[in-house]
Amino acid sequence: MTTTTNLNTPAPTAKPQANAGKKAAPTKDAPPMVTLDQLARELKMPPRDARMLLRLAAKQSKLYPTLGKDHVARQPWQWTPGSKALEEARKALSATSNV
């Protein structure tokens, strides 16, 4: 069995995406977020150390109940200003940095 193709039809081409490589702009409805980098700068510690300490603190559900619940695995650490999880993150990082 043979198939015929129309040679006059142009081959489909890949169109370049307009927003390739760009981050999505925050919407006006979304509140500003406090990131781990901002929090680490505020507490004068390297972001890598802060991330490690937050991972350990999130496992301590009795001391920091909302910190572990608020964070989604494999997503960046970020909090809404004034949230209870942000206060727990500050508490966890400041308690360990004084030791």
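Could you please find all residues in the range 44-58 being of a type in the set (Gly, Ala, Ser) and over 14 Å from residue 78 (Cα atoms)? Write out each step before concluding.
Taking the range 44-58 first, the residues of a type in the set (Gly, Ala, Ser) are 50, 57-58.
Hit for the range 44-58 is 57, nothing else.
Checking residue 96 against (1) at pLDDT 95 or above; (2) part of a helix (DSSP H, G or I), which single condition isn't satisfied?
Exception for residue 96: condition (1).
Could you say whether any residue in the range 50-58 is more than 18 Å from residue 80 (Cα to Cα), at pLDDT 75 or above and either touching a Leu at 6+ places or on another chain (Cβ under 7 Å) or surrounded by 15 or more Cβ atoms within 10 Å (Cβ to Cβ) (or both)?
yes
Name the single residue that is modelled with the highest pLDDT among those in the range 6-49 being loosely packed, with under 13 Cβ neighbours inside 10 Å and aliphatic (A, V, I, L, M).
30
I'd like the full set of residues that are surrounded by fewer than 13 Cβ atoms within 10 Å (Cβ to Cβ), in contact (Cβ under 8 Å) with a residue 24 or more places away in the chain and not hydroxyl-bearing (Ser, Thr, Tyr), limited to the range 64-99.
76, 81 - these are the residues of the range 64-99 that are surrounded by fewer than 13 Cβ atoms within 10 Å (Cβ to Cβ), in contact (Cβ under 8 Å) with a residue 24 or more places away in the chain and not hydroxyl-bearing (Ser, Thr, Tyr).
The values are calculated or read from the model by the stated rules, or taken from the named source; none is laboratory data. Remember, predicted model here, so these are calculated numbers, not experimental data. Backbone-built Cβ (ideal geometry, glycine too); neighbour counts: all protein chains shown.
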